[in-house]
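Following this message is one structure expressed as structure tokens.
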Amino acid sequence: MWWGTTIEAPDPHALARFYSELLGWPIGHEEPGTSILPAPEGTSYFVFQQATGYQPPTWPPVEGAQRPMMHLDFQVGDLDSAVADAIGLGATLLDHQPQNNVRVLLGPAGHPFCLCRDDG
């Protein structure tokens, strides 16, 4: 059974608060060096964990720099509004955007994530 995804960050509590506000999910648990954000259904979790010597990834990838090893995708109804909300919470919109219906942003710790417009 898949339980969740752990994301390293220099300040796990701040990153958990960012995603809590972005997704509207309450923080379920905090302790020194760790914050846990459960999905509303309670079936999967994001764990934000303290990382010593953290190096944020570079996107798009650059030779010799830390590459993203994964990223999160979130489906949204209104792409422009979702991007504005994410930026208001501390995300950064990147210059390079590979698709018209997707926006790539960096969270406060430098992790890339995508907001994908629901075209269905």
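Read-outs throughout are calculated quantities, based only on the coordinates presented, and are distinct from any laboratory measurement. Worth saying up front: this structure is predicted, and the values here are computed from it rather than measured. Don't worry about glycine lacking a Cβ; one is built from the backbone with ideal geometry, like all the others, and counts go over all protein chains shown.
Using Cβ contacts closer than 10 Å as the measure, can you line up R17, R67 from fewest to most?
Ascending number of Cβ neighbours within 10 Å: R67, R17.
Does the chain come out rounded, prolate or oblate by the C-alpha gyration tensor, with a ≥ b ≥ c the root eigenvalues, rounded set by a/c under 1.5 and, if not, prolate when a/b is larger than b/c and oblate if not?
Since a/c reaches 1.5 but b/c is at least a/b, the shape of the chain is classed as oblate.
Which residues in the stretch 97-112 place their backbone N less than 14 Å from a point set 7 Å from the Cα of E21 along the Cα-to-Cβ direction?
Once the point is set 7 Å along Cα→Cβ of E21, 107-109 turn out to lie under 14 Å by backbone N, inside the stretch 97-112.
Quick one: I7, I27, I87, fewest Cβ neighbours within 10 Å first, how do they rank?
Ascending number of Cβ neighbours within 10 Å: I87, I27, I7.
What's the longest bit of the chain with no exposed chymotrypsin sites (Phe, Trp or Tyr not before Pro), using DSSP loop states and at most 10 other Cβ atoms within 10 Å as the test?
4-120
Of all DSSP beta bridges located in the chain, what percent are antiparallel, nearest 5?
So the antiparallel bridges in the chain amount to around 60 percent.
Show me, for the stretch 80-97, the HN-Hα J-couplings you get by feeding each phi into the Karplus relation (A = 6.51, B = -1.76, C = 1.60, θ = phi - 60°), rounded to Hz, glycine and proline as x.
Values, residue by residue: 4, 5, 5, 5, 4, 4, 5, 5, x, 8, x, 7, 10, 7, 7, 5, 7, 10 Hz.
Taking the Cβ-Cβ separation of S44 and D80 as r and a Förster radius of 30 Å, what is the calculated FRET efficiency to the nearest 0.05?
0.60
If neighbour count is taken as other Cβ atoms inside 10 Å, put L105, L115 in order from fewest to most.
Neighbour counts put them in this order, fewest first: L105, L115.
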